[in-house]
Amino acid sequence: MKRLPFSAVQARAIAACHPTPFYLYDAAGIRGAAQALNAAFAWAPRFREYFAVKATPNPHLLALLAEEGCGADCSSLPELLLAERAGLAGEALMFTSNNTPAEEFIAARRLGALLNLDDVGHLEYLARHAGLPAFISFRYNPGPLREGNAIIGRPEEAKFGVTRAQLFAGYAAARDLGVTRFGLHAMIVSNERDPASLVATARMLFTLVLELSATLDITFELVNLGGGIGIPYRPEDAPVDLAVVGAGVRAAYEAAFGGAGLPRPALALECGRLITGPHGYLVTAVRHLKRTYRQYAGLDATMADLMRPALYGAYHHITVLGKADRPASERYDLTGSLCENNDKFAVARPLPTLAVGDLLAIHDVGAHGHAMGFNYNGKLRAAELLLDADGSVRLIRRAETLADYFATLAL
Ligand SMILES: *Cc1c(COP(=O)(O)O)cnc(C)c1O
């Protein structure tokens, strides 16, 4: 059974001030997730989690995570500006972009972010438009040497990163152009809960760092293991044992860099989902009940608020607030109001008998939830609220209004 960090009574009180649907983030849970990750990697030199801004692009959350020692991993100009608004700058920022426009490299350079390049050709492009920084990292795509997983796909079919041969050429070119500080990055899996897969990525990168250093006579100061650590979406799923991941990466690190006199690179991660995913809820009300060939509950949220079920067939657990202890005696398709038949949060989901006005909490939407929202069918984006440890609630992004929707039209 999945627990909620707020009661049904509390949710009703919040909904009385903030109309449903809304996203509700649990500050204590988010802090706890960052602390657990930091603890698992406390052994690593200069460890830093760069929270993947795209997962939950809200500067209030970035600032909260900065208090826990996290930086921000950005992939676009708006994400860089969100991180700047949260007070982050310099090497607390990682810029991991692809197919990058010049103005984004310029902004990343202005903020002093660490640059993680998706192609060797970006060296020359960067030099021309924004100037080469002292530090350069490349994103490695191992292609057929590694398997990805279902969400991210097979590495050789992924658009990201450079080949092994290109890494050698790229670092040599960077060195010859005057770059003096080097990092290496890979992100191969998404929502991965198997520690062995995460440790294998680390081992692969550490081995590569040794080979690149020896061949090119350069020193790596940073290895960035990417994000992609998974979370338990289904009640029967187990969370990733971060202590096992940390210990496995540590063993690989010591095997690679434990020798006397070898440089010991700093370690970084760019997790998004792991940090905020389990600590965000979409609170939505039952608007209509309908029975045709199936039994439907029409909610006031739609796939435009949360597209993961429609996009990936993702499972999100759903609690009927105030009825969690009642038997799940009915089966409902939970729908939004888009003119799209895949506008469903769940199909034939066993739930207690619903009534119009019931509040539902859709779990594990803290990452890649609100962020993937859109305006199809003229739907307006929901508000984001932050539940603080003392039970108080803060509006951290208001709901969109009709005026927002019309604001971009030419007059
Ligand atoms: C999406 C992404 C992340 C974060 O992924 P999670 O699955 O949320 O941990 C990290 N780094 C890069 C480059 C990404 O594209």
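The values are calculated or read from the model by the stated rules, or taken from the named source; none is laboratory data. Fair warning: this is a prediction, and the values are worked out from it, not measured in the lab. Note: ideal-geometry Cβ built from the backbone for every residue, glycine included; neighbour counts use all protein chains shown. The protein model used for the area step is the full one, side chains on, heavy atoms only, and it has no ligands, DNA or RNA in it. Shrake-Rupley method; radii C 1.70, N 1.55, O 1.52, S 1.80 Å.
Within the group Pro263, Pro239, which residue is open to solvent by 30 Å² or more (accessible area, probe 1.4 Å), within 16 Å of the ligand (Cβ to nearest atom) and without any contact (Cβ under 8 Å) to a residue 60 or more places away in the chain? Reasoning before the result, please.
Numbers: Pro263 fails: within 16 Å of the ligand (Cβ to nearest atom).
Testing whether each residue is open to solvent by 30 Å² or more (accessible area, probe 1.4 Å), within 16 Å of the ligand (Cβ to nearest atom) and without any contact (Cβ under 8 Å) to a residue 60 or more places away in the chain leaves just Pro239.
When Ala127 is evaluated against the numbered criteria (1) small (Gly, Ala, Ser); (2) on the phi > 0 side of the Ramachandran plot; (3) open to solvent by 40 Å² or more (accessible area, probe 1.4 Å), which criterion, by number, is the only one it fails?
Just one mismatch for Ala127, condition (2).
Consider His368 carefully, then state whether it is within 16 Å of the ligand (Cβ to nearest atom) and either under 18 Å from the mean Cα position of the chain (by Cα) or assigned by TED's automatic domain parsing to the domain that holds Tyr233 (or both).
For His368, the condition - within 16 Å of the ligand (Cβ to nearest atom) and either under 18 Å from the mean Cα position of the chain (by Cα) or assigned by TED's automatic domain parsing to the domain that holds Tyr233 (or both) - is met.
With the checklist (1) closer than 30 Å to Ala72 by Cβ; (2) more than 16 Å from the ligand (Cβ to nearest atom); (3) buried (at least 24 other Cβ atoms within 10 Å of the Cβ) in hand, flag the one item Gly280 doesn't pass.
Going through the list (1) closer than 30 Å to Ala72 by Cβ; (2) more than 16 Å from the ligand (Cβ to nearest atom); (3) buried (at least 24 other Cβ atoms within 10 Å of the Cβ), Gly280 breaks only (2).
Residue under question is Val356, and the condition is that it be assigned to a loop (DSSP other than H, G, I, E, B), touching a residue at least 40 places away in the same chain (Cβ under 8 Å), in contact with a strand residue (DSSP E or B) (Cβ under 7 Å, 6 or more places away or on another chain) and open to solvent by 20 Å² or more (accessible area, probe 1.4 Å); does it hold?
Here the answer is yes, as Val356 does meet what is asked.
Can you name every residue in the stretch 59-79 that is surrounded by fewer than 22 Cβ atoms within 10 Å (Cβ to Cβ) and either among the basic types (Lys, Arg) or not in a helix (DSSP H, G or I) (or both)?
Within the stretch 59-79, Glu68, Gly69, Ser75, Ser76 meet the criteria.
Evaluate the following for Asn98: is it of a type outside the set (Val, Ile, Thr), open to solvent by less than 20 Å² (accessible area, probe 1.4 Å) and closer than 23 Å to Arg273 by Cβ? Can you show your working first?
Values: of a type outside the set (Val, Ile, Thr): yes; open to solvent by less than 20 Å² (accessible area, probe 1.4 Å): no; closer than 23 Å to Arg273 by Cβ: yes.
Judged against the criteria, Asn98 is not a match.
Got a number for residues in the stretch 183-200 being modelled with pLDDT under 95 and of a type in the set (Val, Ile, Thr)?
The qualifying residues number 2.
With respect to Asp194, determine if the residue is surrounded by fewer than 24 Cβ atoms within 10 Å (Cβ to Cβ) and either more than 16 Å from the ligand (Cβ to nearest atom) or within 30 Å of Arg381 (Cβ to Cβ) (or both). It would help to see each step written out before you state the result.
On the way: surrounded by fewer than 24 Cβ atoms within 10 Å (Cβ to Cβ): yes; either more than 16 Å from the ligand (Cβ to nearest atom) or within 30 Å of Arg381 (Cβ to Cβ) (or both): no.
So Asp194 fails the test.
Any idea which residue in the stretch 33-50 is surrounded by the most Cβ atoms within 10 Å (Cβ to Cβ), counting only those that are more than 20 Å from Arg264 (Cα to Cα) and out of contact with any strand residue (DSSP E or B) (no Cβ under 9 Å at 6 or more places or on another chain)?
Here the residue is Ala33.
For the stretch 130-141, name all the residues that are surrounded by fewer than 20 Cβ atoms within 10 Å (Cβ to Cβ) and within 16 Å of the ligand (Cβ to nearest atom).
Once the filter is applied, which keeps residues that are surrounded by fewer than 20 Cβ atoms within 10 Å (Cβ to Cβ) and within 16 Å of the ligand (Cβ to nearest atom), the stretch 130-141 yields nothing.
May I ask you to verify whether Val223 is within 16 Å of the ligand (Cβ to nearest atom), open to solvent by less than 60 Å² (accessible area, probe 1.4 Å) and either free of Cβ contacts under 8 Å to residues at least 12 places away in the same chain or not in a loop (DSSP other than H, G, I, E, B) (or both)?
Details: within 16 Å of the ligand (Cβ to nearest atom): yes; open to solvent by less than 60 Å² (accessible area, probe 1.4 Å): yes; either free of Cβ contacts under 8 Å to residues at least 12 places away in the same chain or not in a loop (DSSP other than H, G, I, E, B) (or both): yes.
Against the criterion (within 16 Å of the ligand (Cβ to nearest atom), open to solvent by less than 60 Å² (accessible area, probe 1.4 Å) and either free of Cβ contacts under 8 Å to residues at least 12 places away in the same chain or not in a loop (DSSP other than H, G, I, E, B) (or both)), Val223 qualifies.
Leu114 is checked against (1) within 21 Å of Ile231 (Cβ to Cβ); (2) open to solvent by less than 50 Å² (accessible area, probe 1.4 Å); (3) of a type outside the set (Lys, Arg) and fails just one. What number does that condition carry?
Among (1) within 21 Å of Ile231 (Cβ to Cβ); (2) open to solvent by less than 50 Å² (accessible area, probe 1.4 Å); (3) of a type outside the set (Lys, Arg), the lone unmet condition for Leu114 is (1).
A quick yes/no check of all residues on (1) open to solvent by 10 Å² or more (accessible area, probe 1.4 Å); (2) assigned to a loop (DSSP other than H, G, I, E, B):
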position: Ile231; (1), (2): no, yes
position: Ala247; (1), (2): yes, no
position: Ala251; (1), (2): yes, no
position: Ala255; (1), (2): yes, no
position: Ala268; (1), (2): no, no
position: Ala285; (1), (2): yes, no
position: Lys290; (1), (2): yes, no
position: Tyr296; (1), (2): yes, no
position: Ala310; (1), (2): yes, no
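Taking Leu82 as the residue in question, decide whether it is within 16 Å of the ligand (Cβ to nearest atom) and open to solvent by 40 Å² or more (accessible area, probe 1.4 Å). Walk me through it before giving the result.
Numbers: within 16 Å of the ligand (Cβ to nearest atom): yes; open to solvent by 40 Å² or more (accessible area, probe 1.4 Å): yes.
Criteria met by Leu82.
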